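**Student:** What follows is a single structure, and I will ask about it in a moment.
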Amino acid sequence: MSTEPLLRLYHTGMIVDSLDKAMTAMGDALRLDWAPPLTSTVPLECPDGVVGREVRFTYSLQGPHFIELLEQIDPAPYLNVTGGRRVHHLGYYTDDLRAAAAALEARGYRRELNGVAEDGGIGRATFHYNPESPGMWIELVSHEVAEQIDGWIAEAAAAKNIPYVSPFA
């Protein structure tokens with residue numbers, strides 16, 4: 001039996017040029033409704049050090065498996081990492097972010113981006129890359145962030161009378 005943290009797949013993320021245009025196009029084509037967009041300015045540690053960033057993002061209300069759309073307003077952390085800005089990722093959440101990140105690194109998925117906790121360690125989320133799966137990153141999200149996302153999507157789905165099944169339960 002493995003002692004590594006359990007990882008649970010809950011979304012696929014796509015970087016888009018215009019969040020509003022992508023929401024309209026994908027929503028119409030795939031019959032998806034979207035949570036109200038949020039903006040995040042949490043700094044990320046990357047090959048250039050800890051840098052600021054600004055991203056607008058949303059999640060589909062239909063799921064689980066959710067679609068995440070991200071518009072990089074300030075793409076600075078992503079410019080010098082493998083694959084550049086057009087990153088696509090599979091998003092997993094975990095109860096032990098630091099241990100899960102270490103386990104992925106031990107399997108050859110180098111950590112290229114991560115949130116920074118108050119103690120200077122890994123916090124909120126990490127992004128990992130393996131050259132054997134070019135263009136596809138693995139994002140690990142802490143349970144605290146997963147709880148925030150869960151509440152946000154549930155509230156938006158309820159406002160539109162869309163049944164919501166939490167992938168985090």
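The values are calculated or read from the model by the stated rules, or taken from the named source; none is laboratory data. As the structure is a computational prediction, the values presented were derived from the model and not from experiment. Glycine gets a Cβ as well: all are built from the backbone with ideal geometry, and neighbour counts include every protein chain shown. SASA here: full protein model, heavy atoms, side chains in, ligands and nucleic acids out. Shrake-Rupley method; radii C 1.70, N 1.55, O 1.52, S 1.80 Å.
**Student:** Can you tell me which residue in segment 18-47 is farthest from residue 118 (Cα to Cα), limited to those that are modelled with pLDDT of 85 or more and of a type in the set (Asp, Glu)?
**Tutor:** 33
**Student:** Taking segment 40-74 only, how many residues are assigned to a strand (DSSP E or B) and either aromatic (Phe, Trp, Tyr) or touching a residue at least 12 places away in the same chain (Cβ under 8 Å) (or both)?
**Tutor:** Number satisfying all stated conditions: 22.
**Student:** Moving on. Which one of 97, 90 is more than 14 Å from residue 11 (Cα to Cα), touching a residue at least 40 places away in the same chain (Cβ under 8 Å) and surrounded by 15 or more Cβ atoms within 10 Å (Cβ to Cβ)?
**Tutor:** 97
**Student:** Only one of (1) of a type in the set (S, T, N, Q); (2) in a helix (DSSP H, G or I); (3) closer than 21 Å to residue 94 by Cβ fails for residue 12. Which number is that?
**Tutor:** (2)
**Student:** Checking the conditions here, which among 139, 112 is touching a Cys at 6+ places or on another chain (Cβ under 8 Å) and surrounded by 17 or more Cβ atoms within 10 Å (Cβ to Cβ)?
**Tutor:** After ruling out the rest, the residue left standing is 112.
**Student:** So which pairs qualify, if the first residue must be in segment 108-124 and at pLDDT below 95 and in a loop (DSSP other than H, G, I, E, B), the second must be among the charged types (D, E, K, R) and open to solvent by 60 Å² or more (accessible area, probe 1.4 Å), the Cβ gap must be under 8 Å, and the two must be at least 6 apart or on different chains?
**Tutor:** 108/132; 117/124; 121/98
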